[in-house]
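Reviewing the structure listed below.
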Amino acid sequence: MVRYKGKGVYGAVAVGKVSVFRRRDVEVKRVRVEDTEPELARLEEAKEKAVAQLKQIYEKALKEVGEANARIFEIHMMMIEDDDYNEAITEMIRGQSVNAAYAVAVTADNFAEMFSSMDDSYMQARAADVRDISNRIIACMNGSENNRSVCDEKVIICADDLAPSETVSLDKDKVMAFVTAHGSSNSHTAILARNMNIPAIIGLGEEFLTQIRDGATAVADGFTGELILDPDEKILAEYRQKQKEESEKKALLHELKGKENVTVDGKRIGIFANIGSIDNIGAVLVNDAGGIGLFRSEFLYLEKSDYPTEEEQFKIYKRALESMAPKKVIIRTLDIGADKKADYFDLHKEENPALGLRAIRLCLSRPEIFKVQLRALYRASVYGRLGIMFPMITSVSEVEEIFALCAQVRKELDANNVEYSENIELGIMIETPAAALISDKLAPMVDFFSVGTNDLTQYTLACDRQNPDIDRFCDTHHEAILRLIEMSAKNAHANGAWIGICGELAADTSLTETFLRMGIDELSVSPAFVLKVRDAVRKTDLSK
Amino acid sequence: MITFDYTIRDELGIHARPAGMLAKIAKSFDSDITITKGEKTVGAAKLMALMGLGVKCGDTITVTVNGGNEDAAAEGIKSFLENNL
């Protein structure tokens, strides 16, 4: 039994047989050729094949790890088409009368060298990208296809290092973990591993490479970064138990991932996720949510000691939209005040903060702050499918005031030739009894409603959410609340708007059938509850 | 010929993804577009050369647009830089 210590990049445990990942020998010999034309033709053909392969990898990555992470393969395709790279190769073939494979290999070395010698570590790491695409072109010339999955059982893949394209190309059903001797935790490969939910350990060192062999038994502990080669019975039993517990948890997830949110009798509903920070997007994708139904923008404000700038906000919104595209992202504008406060807002102390200057009231009282957020949102809108929703609405005039500010922002952007999407959906939250009661007036003004059940409960039942002594009076299933939601749903649909629920009640599966019968179009819940709600929807039969 | 300066605000500088996007946009115009940082000048449509410039946050680059519809190209590059870098 030998233990190797590396760095875990994805926390999970694997116990199984080792398969050593060996690249096809890309040993390239220099061959003098009389006629260079066939070599140039071979190069073109190989490049075409390589790009076609990368397109497939890109599509696979798009599904498995999201657009932002898949984009590296788009870059790889562009690198293959790069003028300088191609000129260097063709000039070498012509000028030195050599074979195409050799010209590609030497050019790869030259460009990799250029990146390696740059003084920032990010650019140094790009040398691996150049080598990766060049090896792919050479492999295409040699006619060797990319079929890596030669084993019938799941294995722990061991390698010196893995290129991003190699990581994505691995058949996920055959890989229980991957462990490498080299690599950095910021490499694209590590990022991809995290997004693919494969236990992974990097940086196990050279020594490990010399000892590892096909078919050996090993334990890969992605939590501790430890790889145990030839473990004894005791260790093996310990880890098998750990693994069993984990897999039971994941079983439900695997069973329901990729399945539709459809009832037994065929009614469909959207299940989206609520997030409070950009860091939760990984969890949204892992749990297979249909989009983001509530992106709380408060964290941008609460984590700071001063107002976040338009630029800071724009970057975060853009990242969220790009990571989720083409799925929808609904961002809720600043919902601060009451229990969520930031000192720099300099708010007066209030007797009844829940009934005070909060959310949209604060934004409409300080339009200069609100407009910064709106501008950032509009600018980001070109990077995906954006919805904006406004919290704590009680009247038609508030919505008119908001839309007037939106129009101002659009006009200012137009004047500066700044692009924004024409298809942003604008919606409001239904979280006051007032909004629900006049939902017939509000619905024609907006694209959608989103019911915030936490506040709707507090305001309808006159129950302070933060007071545990009144818990027994605070019945979240109270008929009054359900009637308000049903009323809002009817009025939304009568006016061509859709309606979602983004409060805690959305995840309450004892109400899933009720919501389906009301015709609710979307439920937005914490990422961890997406599949639980999907399970409930799929077991519901509305025809009974 | 149109020339303008731009100072990079993105923390990562012109890294792989924006370089790819910039090259793509530069290719879409019929003008000859170059990017200069310090002594080095490269074609904006050339991805690897662009990455090789090693432009970091705070660096000022000079964009030069020559021939074709210069106004449209300069405007396109400018708005890309402002929105992404």
**Study point:** Number of positions in region A:102-115 that are surrounded by fewer than 20 Cβ atoms within 10 Å (Cβ to Cβ), at the interface with chain B (Cβ under 10 Å from one of its Cβ atoms) and closer than 18 Å to A:I138 by Cβ
**Key:** 0
Practice item. Check off (1) more than 10 Å from every other protein chain (Cβ to nearest Cβ); (2) buried (at least 18 other Cβ atoms within 10 Å of the Cβ); (3) out of contact with any Leu (no Cβ under 8 Å at 6 or more places or on another chain) for B:H15 and give me the number that stays unchecked. Key: (1)
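Let's see how each residue does on (1) within 11 Å of chain B (Cβ to nearest Cβ); (2) surrounded by fewer than 19 Cβ atoms within 10 Å (Cβ to Cβ); (3) modelled with pLDDT under 85:
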site	(1), (2), (3)
A:L54	no, no, no
A:L62	no, yes, no
A:G66	no, no, yes
A:R94	no, yes, no
A:A100	no, no, no
A:I138	no, no, no
A:G143	no, yes, yes
A:A163	no, no, yes
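Show me the strands (runs of 3 or more DSSP E) found entirely inside region A:228-334 where at least 2 residues are in contact with a Pro (Cβ under 8 Å, 6 or more places away or on another chain). Spell out how you get there, then give the answer.
Working: elements: A:270-275, A:291-296, A:328-332.
The qualifying strands (runs of 3 or more DSSP E) are A:270-275.
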Check your understanding: Given (1) crowded, with 16+ Cβ neighbours inside 10 Å; (2) without any contact (Cβ under 8 Å) to a residue 60 or more places away in the chain; (3) not in a helix (DSSP H, G or I), where does A:M429 come up short, assuming only one miss?
Key -> (2)
Check your understanding: Within region B:18-40, which residues are within 13 Å of chain A (Cβ to nearest Cβ) and free of Cβ contacts under 8 Å to residues at least 12 places away in the same chain?
Key -> B:K24
Point to revise | Selection count where residues are surrounded by fewer than 19 Cβ atoms within 10 Å (Cβ to Cβ) and small (G, A, S), scope region A:284-339 | key: 2
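Residues to consider are A:L374, A:L364, A:L386; find the one that is assigned to a helix (DSSP H, G or I), on the phi < 0 side of the Ramachandran plot and crowded, with 18+ Cβ neighbours inside 10 Å. Before you say what the answer is, go through the steps one by one.
Details: A:L364 fails: crowded, with 18+ Cβ neighbours inside 10 Å; A:L386 fails: assigned to a helix (DSSP H, G or I).
Selected residue: A:L374, the only one of A:L374, A:L364, A:L386 that is assigned to a helix (DSSP H, G or I), on the phi < 0 side of the Ramachandran plot and crowded, with 18+ Cβ neighbours inside 10 Å.
Identify all residues within region B:56-70 that are within 12 Å of chain A (Cβ to nearest Cβ) and at pLDDT below 90; write none if there are none.
Initially, region B:56-70 is screened for residues within 12 Å of chain A (Cβ to nearest Cβ), giving B:56-57, B:59.
Scanning region B:56-70 gives B:K56, B:C57.
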Review point. Restricting attention to region A:195-206, which residues are modelled with pLDDT of 85 or more and either crowded, with 23+ Cβ neighbours inside 10 Å or assigned to a helix (DSSP H, G or I) (or both)?
Key: A:A200, A:I201, A:I202, A:L204
Check your understanding: Quick check, is A:D120 surrounded by fewer than 19 Cβ atoms within 10 Å (Cβ to Cβ), without any contact (Cβ under 8 Å) to a residue 40 or more places away in the chain and within 30 Å of the chain's Cα centre (by Cα)?
Key -> yes
Revision key, fill the gap. Conditions (1) in contact (Cβ under 8 Å) with a residue 40 or more places away in the chain; (2) surrounded by 15 or more Cβ atoms within 10 Å (Cβ to Cβ); (3) away from every other protein chain (no Cβ under 14 Å) -> A:T460 fails only (1)
Check your understanding: Looking at region A:397-415, is at least one residue buried (at least 22 other Cβ atoms within 10 Å of the Cβ), within 24 Å of A:V525 (Cα to Cα) and touching a residue at least 40 places away in the same chain (Cβ under 8 Å)?
Key -> no
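If we only count helices (runs of 4 or more DSSP H) wholly inside region A:442-544, which ones have 3 or more residues that are of a type in the set (A, V, I, L, M, F, W, C)?
Numbers: elements: A:453-461, A:479-494, A:512-518, A:530-539.
Filter on region A:442-544 gives A:479-494, A:512-518, A:530-539.
The values are calculated or read from the model by the stated rules, or taken from the named source; none is laboratory data. These figures come from a predicted structure and were not determined experimentally. When we count neighbours, we look across all protein chains shown, and the Cβ atoms used for this are built from the backbone with ideal geometry, even at glycine.
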